[in-house]
Amino acid sequence: VDIDWEFPVAGGLQPGDPRDARNYVLLLTAIRKAIGAGKFLTVAASASPRGIDPILYVDMAAVLDWVNVMCYDLYGAW
């Protein structure tokens, strides 16, 4: 199961909700419990500092098998 919640906490079209950092962990924990240890649970994660900073990756690591970092569309003057 791959979860691709594009903008937890940071928002997107809608303003983010700081409580979603914990809610994301709770969602992933519930999914892990439902699918068991024999199935892969992964997430797509932002490569942007705005998308990384508020996420509780240490807590998520306890239930995830893999994190796919979305590092496309990064551009700048560098």
Rounded to two decimals, the Rg over Rh value of the chain from Cα coordinates and the Kirkwood Rh reads 1.00
Once Lys and Arg are counted +1 and Asp and Glu -1 for all other residues with Cβ under 12 Å from that of Ile31, the total becomes +1
Taking 48-57, 63-72 and ranking on average Cβ neighbours within 10 Å, highest first, one gets 48-57, 63-72
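Write down the percent of antiparallel bridges among all DSSP beta bridges whose residues are both part of the chain, to the nearest 5.
Percentage antiparallel, nearest 5: 10.
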Here the gain from full extension of Arg19 to Cys71, 0.36 nm per residue of separation minus their alpha-carbon distance, amounts to 16.2 nm
For the chain, longest principal axis from Cα atoms; helix 20-35 axis from its Cα atoms; angle between them, nearest 10 degrees, is 40 degrees
For Ile31 and Leu56, extending 7 Å from Cα along the Cα-Cβ vector and measuring point to point gives, in nm, a value of 1.6 nm
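At 222 nm, what value in deg cm²/dmol follows for the chain if DSSP H runs of at least 4 each add -39500 (n - 2.57) and the sum is divided by all its residues, to the nearest 500?
Value at 222 nm, helices only, nearest 500: -9000 deg cm²/dmol.
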Scoring the chain by relative contact order with C-alpha pairs under 8 Å, at least six apart, yields a percentage of 35 percent
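No value in this document is a laboratory result; all are computed from the given coordinates. Everything quoted here is computed from the prediction, not taken from an experiment. Cβ: placed from backbone, ideal geometry, glycine included. Neighbour counts: every protein chain shown.
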